[in-house]
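Here's the structure, in structure tokens; my notes come after.
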Amino acid sequence: DEYEQQGYTVTTERQNQLYLRGRVATLSGIPDLIAIKGNEGVIIDAKSGKAQPWDLVQVQTYMWAVPLALLRYKGTTFSGLLYYLDSRTAIQSTMVNEAFIKSLTGLINRVADRQEARRVPSEGECRYCDITLLNCPDRAASDERLEGETEEF
């Protein structure tokens, strides 16, 4: 309502669903709200929990991807806004800069790479996995000692 009263056109959730196809992967997402006025827009995401670092990255990703994936927003410059139960965080359009885009696309390329990532199993991670040592030779066994002994002290 706040944005509509200011003359913005507002779309919500499923109206904002995006699929951005690349060479190696497809990025998809659903911004909660997109408010547009002329060539400027605001991507708004509401969170019910505590602020997390990845919340900012999620909105920055939408700010970059929306004008590429949703052709009706081509040429639109986006800022962002994260709403929490007790606060809100503004995200300037300048935060989606060359360094952010390079980092994001680099991550997508690494995740989508056909070459399997180096495995780094740990007891902390493996203890929640149902795959047994018989079926996963990389599994960190839960009976593995996580401490050692010395006579040096």
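The values are calculated or read from the model by the stated rules, or taken from the named source; none is laboratory data. From a predicted model like this one, the values you see are computed outputs, not experimental measurements. Please note: Cβ atoms are built from the backbone with ideal geometry, for glycine as well, and neighbour counts cover all protein chains shown. For accessibility, only protein heavy atoms count, side chains too; no ligands or nucleic acids. Shrake-Rupley method; radii C 1.70, N 1.55, O 1.52, S 1.80 Å.
Numbers below:
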{"read-out": "Single residue of Gly124, Gly148 found to be closer than 24 Å to Gln52 by Cβ and open to solvent by less than 70 Å² (accessible area, probe 1.4 Å)", "value": "Gly124"}
{"read-out": "Candidate set from region 1-23 (those that are open to solvent by 100 Å² or more (accessible area, probe 1.4 Å) and polar (S, T, N, Q)); member that is farthest from the chain's Cα centre (by Cα)", "value": "Gln5"}
{"read-out": "Residues of region 50-104 satisfying the condition of being open to solvent by 60 Å² or more (accessible area, probe 1.4 Å), hydrophobic (A, V, I, L, M, F, W, C) and either in a helix (DSSP H, G or I) or at pLDDT 95 or above (or both)", "value": "Trp54, Val57, Leu68, Leu71, Ala90, Met95, Ala99"}
{"read-out": "Filtered residue count, region 25-49, keeping only those that are without any contact (Cβ under 8 Å) to a residue 60 or more places away in the chain, open to solvent by 20 Å² or more (accessible area, probe 1.4 Å) and in a strand (DSSP E or B)", "value": "7"}
{"read-out": "Any chance Tyr62 is closer than 25 Å to Thr9 by Cα and aromatic (Phe, Trp, Tyr)", "value": "yes"}
{"read-out": "Tally, over region 1-20, of residues that are more than 14 Å from Val42 (Cα to Cα) and either out of contact with any strand residue (DSSP E or B) (no Cβ under 9 Å at 6 or more places or on another chain) or not in a helix (DSSP H, G or I) (or both)", "value": "6"}
